[in-house]
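Since the structure comes first, as structure tokens, the remarks are kept for the end.
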């Protein structure tokens, strides 16, 4: 038996409306199926957002472009379409602390989730810790395969907190199969992740 919870919960209500509007059986079934598909997509989008682990829910609508007049709004709007993911391009958002890099990256990630993309947000220190732990437990390949399943990785605070040489190397040798990544280094960063930047 197929799990069709929306059809089950909405069947009587839709049947009454269709009877009142003199709608035939095929149109009745079509309406029920449409409701089921809409609800399934909503639940799938919720799961993608939860899996992405964004620190906060930020959208482009709440970004203050007037506070950052040098930012190319047209380019940001174009990036929101997510075509850079299809082209397997990496995006590097560079700027001082507090200028809105994380906000923009989160907005781009949420937009990608809304288009059915699998996204994961990491603070770089968090990802490096996971990579180093996986290496110690001889489980690095499994972690890289998990990361490679995402369409978009967002790496926040790249270079903000110094990392060890090993951590930098593990980050630079990350999941090669991931389509795209967003990297958010601080402009005045002392730590230069050479291997990571080379892949951008």
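The values are calculated or read from the model by the stated rules, or taken from the named source; none is laboratory data. Treat the numbers as computed from the prediction; the structure is a model and nothing was measured. With ideal geometry, Cβ positions are generated from the backbone for all residues, glycine too; neighbour counts draw on all protein chains shown.
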(message) Kindly evaluate residue 60 against the criterion of being surrounded by fewer than 19 Cβ atoms within 10 Å (Cβ to Cβ), in contact (Cβ under 8 Å) with a residue 40 or more places away in the chain, in contact with a strand residue (DSSP E or B) (Cβ under 6 Å, 6 or more places away or on another chain) and in the same structural domain as residue 169 (by TED's automatic domain parsing).
(response) no
(request) Name the one entry in 35, 71 that is modelled with pLDDT under 90, surrounded by 13 or more Cβ atoms within 10 Å (Cβ to Cβ) and part of a loop (DSSP other than H, G, I, E, B). (result) 71
(request) Can you work out which of the residues in region 38-68 that are over 14 Å from residue 106 (Cβ atoms) and outside any helix (DSSP H, G or I) is modelled with the lowest pLDDT? (result) 68
(message) Please determine whether any residue of region 157-168 is modelled with pLDDT of 85 or more, in contact with a strand residue (DSSP E or B) (Cβ under 9 Å, 6 or more places away or on another chain), under 21 Å from residue 75 (Cβ atoms) and assigned by TED's automatic domain parsing to the domain that holds residue 69.
(response) no
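Please find, among 135, 120, the residue that is in contact (Cβ under 8 Å) with a residue 12 or more places away in the chain and closer than 15 Å to residue 172 by Cα. Outline the logic, then answer.
Numbers: 120 fails: closer than 15 Å to residue 172 by Cα.
Selected residue: 135, the only one of 135, 120 that is in contact (Cβ under 8 Å) with a residue 12 or more places away in the chain and closer than 15 Å to residue 172 by Cα.
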(request) Taking residue 10 as the residue in question, decide whether it is closer than 30 Å to residue 105 by Cβ and touching a residue at least 12 places away in the same chain (Cβ under 8 Å). (result) no
(message) Could you go through region 15-30 and let me know if any residue there is within 30 Å of residue 148 (Cβ to Cβ) and part of a helix (DSSP H, G or I).
(response) no
